[in-house]
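Everything on this sheet refers to the single structure shown next.
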């Protein structure tokens, strides 16, 4: 009996991250995206060519396989810490960040 309880506990602990993954409201995330990301990234996740040219960088579409292959935590880190010439967004609340990532997932090509 103890073995079954241990097995159930282990399975529940393994499922918690899966159940909490994908949290966030894409509709609310779209508004966050427009406000925080829209200056450099177009409404459908496409890079704005003028911005890329000005900074002399190659920007990926946010729906590209390379971007979408990242975990939610990796995307959150990129948003909050920046990468290369991309400035970090430090003032974004955790709930808005979850919503933003949920919206970014809708951009998958």
**Prompt:** Ranking 105, 60 by Cβ neighbours within 10 Å, fewest first, what do you get?
**Reply:** 60, 105
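For 51, 101, 89, 83, what's the fewest-to-most ordering of other Cβ within 10 Å of each Cβ? Intermediate results must be reported in sequence, preceding the final value.
On the way: 51 15, 101 24, 89 18, 83 10.
In order of increasing Cβ crowding within 10 Å: 83, 51, 89, 101.
Taking 0.36 nm per residue of sequence separation and subtracting the Cα-Cα distance, how much length would be gained by fully extending the chain between residue 106 and residue 74, in nm to one decimal? Walk me through the numbers before you get to the answer.
Values: separation 32, 0.36 × 32 = 11.52 nm, distance 1.66 nm.
That works out to 9.9 nm of additional length.
No value in this document is a laboratory result; all are computed from the given coordinates. All of these numbers come straight from a predicted model, not from anything done at the bench. When we count neighbours, we look across all protein chains shown, and the Cβ atoms used for this are built from the backbone with ideal geometry, even at glycine.
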